[in-house]
1. Name the GluC sites (Glu not before Pro) in segment 221-320 that are in a loop by DSSP and that have at most 15 other C-beta atoms within 10 Å, would you?
2. Which of rounded, prolate or oblate describes segment 277-323 when judged by the alpha-carbon gyration tensor and an a/c cut-off of 1.5?
3. Mind checking which lysines have their C-alpha under 21 Å from Lys285, skipping anything on the same chain fewer than 8 residues away?
4. Which of the three applies to segment 17-94, rounded, prolate or oblate, going by the alpha-carbon gyration tensor with a ≥ b ≥ c and a/c under 1.5 meaning rounded?
5. Counting other Cβ atoms within 10 Å, which trypsin sites (Lys or Arg not before Pro) in segment 286-359 have at most 14 and lie in a DSSP loop?
6. Compute the long axis of helix 147-161 from its Cα atoms, compare it with the longest principal axis of the Cα atoms of the chain, and write down the angle in degrees, 0 to 90, nearest 10.
7. Order these peptides, 285-295, 40-50, by their mean beta-carbon neighbour count within 10 angstrom, highest first.
8. If one computes P(r) from the Cα atoms of segment 92-176, what percent of pairs lie at distances over 20 Å?
Amino acid sequence: MTDYKNLIDGKMVDNGQWLEVLNPATEQVVGRVPSCGKEELDSAVAAARRAFTQWKKTTPEERQKVVQGIAAAIKENADELYRLLTSEQGKPHTQAQQEIYGAAGLAAAQSTLTLDDVINQDDDTRLSRTRRVPVGVVGGIVPWNFPIMMAIQKIVPALVAGCTIVLKPSPFTPLTTLRIAELIKDVVPAGTVNIITGEDTLGPLITEHPDIDKITFTGSTATGKKIMEGASGDLKRITLELGGNDASIVLPDADVEKVAEQLFWSSFSNAGQVCIAAKRIYIHKDIYDDLSQAIAAYAKTVVVGDGSQQGTGVGPIQNKKQYERVLDLIQDARDNGYKFLTGGEKDPSGTGYYVPITILDNPPEDARIVAEEQFGPVMPLMKFDTVDEVIERANNSEYGLAGAVWTKDTDKGVEIAEQLETGTVWINEFMQLSPFAPFGGHKQSGFGAEYGIDGLKEFTYPQVITVKRDAAV
Ligand code: NAD
């Protein structure tokens, strides 16, 4: 077991009080991290504030170089990092590798983003120009499902925009983030990136801190609402990436054999703990029987187990609370007599937070397992008849994160996509995010956007400077 320290003002530090981090596959402690409160937060924020005075004056090229240094540090140490990530998060090694390399790739790509000045007016009367200025010190709060991707998608745009950041990983998955902190300690100027760990109670202290100017948060919708409330005291800027209940719509012309495997992974990757996982799959009645059988048959070939073992496709649920929530949803489905194509057995006792791959056969639209975000290896398949009907069912949710349409007729796919009330819709693929396209939720799935120029702008204020050309002075 290793102790991991926090990064504050360019130094790795601890306060002698520790939080233990469990491996969800073994329920054994894999590491300890500092348990911080107000005092440590105050020093991290003060360091970020001091660093901001210099960092905001750097050129885009200087900032790009630092961010590329972060990307390189992650990439060069990817082997160590992905193994550590599996040990605390539970995801299979292959998926942990994808996350680590994905985070390095995202940092490298987003390092190139720039916010150019915009000329609003340039004539004999006046020159009016909009520039973007960094908001200041950012508080970043990250969940446990993609701890590294989420940390990088907050640290990188903050730095690129000229802000400094205090980042709080989830208490369930802080280890790999702190190892990266150690690796980038000498890559980033002291105080520009601070990473501190603590219980959930550290979150509101960040949200309400008077010297933090902006909160960027990824996590549940319930916590997002608390953040909005906490940040309202001094009108902090906020970006919220929240929950989702994404619908996939499969039209009758889809090739059953070809889409079965993709639909499976669109739902069960990372044991279903993905905000943009397909959480409701609507299949046209003409192919429902064949496709549901094909998905169930594929599911039976996938191994559920310890993510560090070769061949594992679906790992454990990341933590006990979520494990119990998912088991409760399955119990509810059993209690209501819904039909299971796979899974649905009673609590699989034993070590590790394992849930068997569970696929439900056409449960009603108001079933909890359909209406709620499952965030586990559980997927309801539902039958639909007409396109209008399925669009209405897909949109019948307080969430609006993403969705997908599967069809050979891509024009038809786009026509349906344009009627879905979500921030992203994929046609014939899933979970593809571009570093250059905005990613954000409609309705209660979020507020604002990450990624791309839109995401970067959220770390800045517009400032308009006008020069009167025909002034009588
Ligand atoms: P969570 O909301 O419980 O916790 C997320 C983070 O917030 C953690 O770091 C936690 O310590 C902190 N936190 C908890 N209470 C807080 C408070 N009152 N104030 C401030 N911070 C607080 O979420 P989770 O269980 O870690 O993650 C799962 C959820 O995240 C799911 O709903 C999922 O859909 C969502 N998610 C969304 C996206 C997205 O991009 N939209 C991505 C990943 C996960």
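Nothing in this text is a laboratory measurement; each read-out follows from the coordinates by a stated rule. None of these values were measured; they are calculated from a predicted model. Quick reminder, even Gly has a Cβ in these numbers, built from the backbone with ideal geometry, and neighbours come from all protein chains shown.
1. Within segment 221-320, no GluC sites (Glu not before Pro) qualify (loop, at most 15 other Cβ atoms within 10 Å).
2. On the way: a/c = 4.11, a/b = 1.76, b/c = 2.34.
Verdict is oblate for segment 277-323.
3. In chain and number order, the partners are Lys258, Lys339, Lys383, Lys408, Lys412.
4. On the way: a/c = 4.58, a/b = 1.40, b/c = 3.27.
Note, shape of segment 17-94 comes out oblate.
5. Numbers: sites: Lys300, Lys320, Lys321, Arg325, Arg334, Lys339, Lys346; in loops: Lys300, Lys346.
Filter output for segment 286-359: Lys300, Lys346.
6. Long axis of 147-161 versus the principal axis of the chain: about 30 degrees.
7. Numbers: 285-295: 17.6, 40-50: 21.4.
Most protected by this proxy first, the peptides run 40-50, 285-295.
8. Details: 1732 of 3570 pairs.
Summing the P(r) of segment 92-176 above 20 Å gives 49 percent of all pairs.
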